[in-house]
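Here is the structure we will look at.
The values are calculated or read from the model by the stated rules, or taken from the named source; none is laboratory data. Computed from a predicted model, the values in this text were never measured in an experiment. Note that we place each Cβ from the backbone using ideal geometry, even for glycine, and neighbour counts take in every protein chain shown.
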């Protein structure tokens, strides 16, 4: 398995409703794919951590990178893992300015 962390910048036109839609769809799709993780949004930037089968996570990341609702996509860190930090969450949504909940999970 792999754990991967990325940052990106939301398009200026992205609404709260758009973010809610992203989270809802991600929760459903990630559960189907066996992916867990967390998405943080501070009103301007996204910070997301994904965990799961390496091929599945890398394929998902390729799709996310192409999404026109954000730009400046940058993988910050990745590593092989044996256990999941967000095992109970297909996609935990962290709606706050501080990304530490997501970033610190890379050290788990």
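Structure notes:
- Of all residues assigned to region 2-16, none qualifies as being under 25 Å from residue 108 (Cα atoms) and free of Cβ contacts under 8 Å to residues at least 24 places away in the same chain.
- Residue count for region 81-108, restricted to those that are touching a strand residue (DSSP E or B) at 6+ places or on another chain (Cβ under 7 Å), more than 15 Å from residue 41 (Cβ to Cβ) and assigned to a helix (DSSP H, G or I): 2.
- Considering each residue of region 86-100 in turn, none proves to be crowded, with 18+ Cβ neighbours inside 10 Å, at pLDDT 95 or above and either closer than 23 Å to residue 11 by Cα or over 12 Å from the mean Cα position of the chain (by Cα) (or both).
- Region 1-37: number of residues that are in contact with a helix residue (DSSP H, G or I) (Cβ under 8 Å, 6 or more places away or on another chain) and farther than 20 Å from residue 68 by Cα: 9
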